1. For residues in region 138-154 being part of a helix (DSSP H, G or I) and touching a strand residue (DSSP E or B) at 6+ places or on another chain (Cβ under 7 Å), which is surrounded by the most Cβ atoms within 10 Å (Cβ to Cβ)?
2. Just give me the residues in region 142-175 being under 16 Å from the mean Cα position of the chain (by Cα), over 24 Å from residue 33 (Cβ atoms) and modelled with pLDDT under 95, in sequence order.
3. List, please: which pairs have Cβ atoms under 6 Å, are six or more places apart or on different chains, and start with a residue in region 52-74 that is free of Cβ contacts under 8 Å to residues at least 60 places away in the same chain and end with one that is surrounded by 14 or more Cβ atoms within 10 Å (Cβ to Cβ) and part of a loop (DSSP other than H, G, I, E, B)?
4. Would you kindly identify the strands (runs of 3 or more DSSP E) lying entirely within region 5-121 that contain at least 1 residues that are in contact with a helix residue (DSSP H, G or I) (Cβ under 6 Å, 6 or more places away or on another chain) and crowded, with 23+ Cβ neighbours inside 10 Å?
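The values are calculated or read from the model by the stated rules, or taken from the named source; none is laboratory data. Note that this is a predicted model, so its numbers are computed, not measured. Every residue, glycine as well, gets a Cβ built from its backbone with ideal geometry; the counts of neighbours run over all protein chains shown.
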């Protein structure tokens, strides 16, 4: 399969890419940041099936151009994991990247007949409900508080609605307590996991 990952050079994106490459898929990474040198080295054996494109997910033209060649699947993984300070200082950018940027991607994907879209949501969507309910499941009412959590929950609702109207396959997945290889602090990740390690290459993690 040919698979496009938005936010592909980020922490989660690189781990998804690694898993897909091992399985023989062709992967394109679209991200504002370049492929980290450690990832270039680690993925060197997959150079014939890996493409990294720098671009901004809020740039409609760039999004349309990267989707135009056609893919069997797209992963929506671009996001700002904002903390309280960024929520207060720059809510517009958080909303644009985490939620509003979805629509051009979904529209272009539909025009290119992409078979499947995976929307990476977050366990943060449960919000304060996570502390009131046990166990958590798909029927647990969500009560998101931070802008990151709010946009992730909203992204699920938007994609579910359009999937119904457009009769296409869009699946939202709530990732939770994610940590491991490739995690690093950068200017879009305010809240790294408590288990973050300084060494980021998969081969260094036992």
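1. 152
2. Of everything in region 142-175, just one residue is under 16 Å from the mean Cα position of the chain (by Cα), over 24 Å from residue 33 (Cβ atoms) and modelled with pLDDT under 95, namely 174.
3. 52/35; 56/32; 57/78; 57/101; 58/101; 62/55
4. The qualifying strands (runs of 3 or more DSSP E) are 26-31, 73-76.
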